Amino acid sequence: MVPDPSCFASYDPKMDDHELVACGAGLAGRVGTMATMESTSEHPASAPRRWPRSVYGVGTEPDPRFSLANERTFLAWIRTTLAMLAAAAAVNVLDLSMPESVQRATAGLLAFVSLACAIQAWRGWARTERAMRQNLPLPSSPTNLPLAIGVGLVAIAIIAITLIG
């Protein structure tokens with residue numbers, strides 16, 4: 001079923017599931033499926049199974065498009081985390097033409113940056129979702145600069161070793 005664009009232009013978080021299904025939006029961003037939802041017009045945001053409560057327990061349900069965009073950003077951070085972790089493992093395992101101490105330090109820095117990316121992914125998703133639910137300005141990310149510095153240090157170490165070795 002192709003969604004009717006006019007439905008999204010007039011999206012209201014208080015729309016019941018039948019209105020959303022008729023619109024073609026389905027239950028995007030909501031808990032459960034049609035098979036598990038009650039036939040009442042109870043708002044799914046009050047469902048006790050939504051986790052984390054620190055995010056879903058406040059405010060009103062935002063437009064599903066914005067929540068899904070926030071999830072895509074979260075997944076992009078997770079992809080970055082996995083790439084950094086794979087790079088850390090590769091630098092640690094491969095026999096590179098650099099001193100072992102520099103190789104281990106580079107691998108350790110990559111692993112640390114990977115951990116920081118994973119933390120940023122979760123914190124960023126939760127803070128943004130909470131701000132959208134409370135109709136507040138979107139928060140800035142205080143971890144972007146330290147992450148950029150960490151990646152820059154790894155790049156400088158690899159460039160220096162490449163030029164020296």
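Looking at the range 137-165, which of its residues are outside any helix (DSSP H, G or I) and surrounded by 11 or more Cβ atoms within 10 Å (Cβ to Cβ)?
Leu138, Pro139, Ser141, Thr143 - these are the residues of the range 137-165 that are outside any helix (DSSP H, G or I) and surrounded by 11 or more Cβ atoms within 10 Å (Cβ to Cβ).
Answer yes or no as to whether Val91 is free of Cβ contacts under 8 Å to residues at least 60 places away in the same chain, under 18 Å from the mean Cα position of the chain (by Cα) and surrounded by 15 or more Cβ atoms within 10 Å (Cβ to Cβ). So that I can check it myself, show each step before the final result.
Details: free of Cβ contacts under 8 Å to residues at least 60 places away in the same chain: yes; under 18 Å from the mean Cα position of the chain (by Cα): no; surrounded by 15 or more Cβ atoms within 10 Å (Cβ to Cβ): yes.
Spelling it out, it is not the case that Val91 is free of Cβ contacts under 8 Å to residues at least 60 places away in the same chain, under 18 Å from the mean Cα position of the chain (by Cα) and surrounded by 15 or more Cβ atoms within 10 Å (Cβ to Cβ).
Here are some conditions: (1) assigned to a helix (DSSP H, G or I); (2) more than 30 Å from Gly57 (Cβ to Cβ); (3) out of contact with any Ser or Thr (no Cβ under 9 Å at 6 or more places or on another chain). Ala76 meets all but one. Which one does it not meet?
Answer for Ala76: the failing condition is (2).
Taken together, the values in this text are just the output of simple stated rules run on the coordinates, not laboratory data. Computed from a predicted model, the values in this text were never measured in an experiment. In this analysis, Cβ positions are derived from the backbone assuming ideal geometry, glycine residues included, and neighbour counts consider all displayed protein chains.
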